[in-house]
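*Asks:* This structure is in structure tokens; I'll ask about it shortly.
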Amino acid sequence: MIKSIVIQGYKSFHPTIPTTISLETATQKPVFLYGLNGAGKTAIGEVIHGSSIGDAKFQACRVDTTQGGPFRYLVYNHHFVQSIIGEAAGMPGIFTIGELDTETQRKIDESERLLQEVRGARESAQRDVLTITGQLATALNDAKEEVWTVYKTHDKGAFDSFLTGYGRGAQKFFDDLRTYATPDDETLDDLDSLAKRLVDISGNETSKGTHHFALGPFQAIEEDAVWQERVKVSGESRLAPLVEKLDNGDWVSKGRTFVHGGQCPFCQQGLPHGFLDELSELLDGDRQDKIDLIDLHIKNYEEAIQALETAASGALTEPLSQETELKPVWDTIHALMKANLATMRLKQATPSEPVEISKTDLQPMRDALSALNTRIGKFNQRIQNKVAERGAIRDLFWKNMCRDRIGVYRAYDARIAPLNEQLAAAQTKDREAAAQEAACIGALTELRKKQEGVDASVAAINERLKGLGIDSFSIARKRGEGSLYCLERPAHGDSSAQTLSEGKRP
């Protein structure tokens, strides 16, 4: 005897959860199954029959029996009648609901054929769109990964505050960074300079004073003709011919400082009468004026160097001077001035000998000082408006990052340009096919409105079924076969009439 029936995935029974129907076996009384249409009564009989013959449709189902089997099951239902009686009598059960208009059906067939062609073309276009879209996505992903490397380079660095909000936004970073593209010939402050500027506005720095150099006296002193002049003794003295012959005027001038009490410092003899007057006439006058001028030039030149050394030392202690050429320029000019001063002292020692004084080019010094003061001015502006300066630094930082990755963007553009053209062409084909598909569907709708017989009868039958409260199946045109109809269930599509319960069959 049947003890229990387990049904799964058949007709109205759940596709994954088994339903167990337990039967009373102790009394061996007949068992009656009753219920609403569609509840599964017919399915139970089919499960019993199908399981007994090993039908693959029922592999998820099972019939358990008491001891004493195996048993032979006889299920008398519509299938039994059709297979035993219907086929033997030669009655296949085909019937006609109504007749179709032949010309209308021909047009319907043609429209359906065209519709299938259009749908095929559209499916092909959509496949192309899908393929190209995938290639575009791959290109974008590759580019994003390469651009993302510059983010990782600066994350947690000096400029990490300018990267806030992008930690998980590679796409946003990719899109935003590109907006900072600059012309290749535009000059940008490098990252080291930007880091220094950021430090300036991050501390408690105060305004800096500018620097000034006194550069006036050097050129006039260096260009005086006295340095090239042979300063000679006066020709009005009777001593002049001998001194000029011996060319020892400078020696005589130095020796005069050793004369004491009218005695010659060299021979220790008394000097001739009037000798000192002649000596004074020989060495004084125009010669002495020129010697005094040389002494004054040397004094002023040395003092000017000292003043400039003090000013330069103050300027060079300013950290911003390291961003200028001030130090190398000053080192060069300072060495030249020291050399000139030494040469001037040689002239002071021997006035009769001409010397060459180098001309100091002070323009590089002025330029370097101007560059320093310009940087100081900009620094003062930055610390006076830290918000604006921070924004300027941020923009320049992003421009530097973009310039670093601009090659990636250009390669990405070149890669996607032909793909975008192909995508546009495929999308155009899809739109055109969609328009043709809509036109075909519209034509079919109008043609079917003209149909008489079968469609009207089928519609009436379906309305009647709804009126009876039956919504588990309906009659519909069989797919791909314009003049044939089939049973259709909402969850399964085309179904055989054999899926109807015994109570629903005619």
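Readers should treat all values here as calculations from the given coordinates under stated rules, not as data from a laboratory. What you see is a predicted model, and the numbers here were worked out from it, not measured in a lab. We place every Cβ from the backbone using ideal geometry, glycine too, and count neighbours over all the protein chains shown.
*Asks:* How large is the charge dipole for the stretch 313-440, taken about the Cα centre, if only the Cβ atoms of Lys, Arg (+1) and Asp, Glu (-1) carry charge, to the nearest 20 debye?
*Replies:* Numbers: 19 positive and 16 negative charges, 94 e Å.
In total the dipole reaches around 440 debye.
*Asks:* For 208, 172, what ranking results if the residue with the fewest other Cβ atoms within 10 Å of its Cβ goes first?
*Replies:* Fewest-to-most Cβ neighbours within 10 Å comes out as 172, 208.
*Asks:* Another question, if that's okay. Roughly how many whole Å is it from the C-alpha centroid of the stretch 7-42 to that of the stretch 327-347?
*Replies:* 118 Å
*Asks:* Take 329, 199 and order them by how many other Cβ atoms sit within 10 Å, fewest up front. It would help to have the intermediate numbers written out before the result.
*Replies:* Working: 329 20, 199 11.
Sorted ascending by nearby Cβ count, the order is 199, 329.
*Asks:* Using label points projected 7 Å from each Cα along Cα→Cβ, tell me how many nm separate residue 419 and residue 155, to one decimal.
*Replies:* Reported label-point gap for residue 419 and residue 155 is 2.4 nm.
*Asks:* Obtain the nm distance between the two label points defined at residue 410 and residue 361 by a simple spin-label model: each point lies 7 Å from its Cα along the Cα-to-C-beta direction.
*Replies:* Going from the residue 410 label point to the residue 361 one covers 3.8 nm.
*Asks:* Over the stretch 2-75, what per residue volume does the convex hull of the Cα atoms give, in whole Å³?
*Replies:* It comes to 95 Å³ per residue, whole-number rounded.
*Asks:* Tell me, what is the FRET efficiency for residue 170 and residue 438 to the nearest 0.05, using R0 = 41 angstrom and their Cβ-Cβ distance as r?
*Replies:* Values: r = 40 Å, r/R0 = 0.98.
For residue 170 and residue 438, the calculated efficiency is 0.55.
*Asks:* Between residue 346 and residue 403, what is 0.36 nm times their sequence separation minus the Cα-Cα distance? Round to one decimal in nm. Don't jump to the answer; show the numbers that get you there.
*Replies:* Values: separation 57, 0.36 × 57 = 20.52 nm, distance 5.95 nm.
Full extension of this stretch gives 14.6 nm more.
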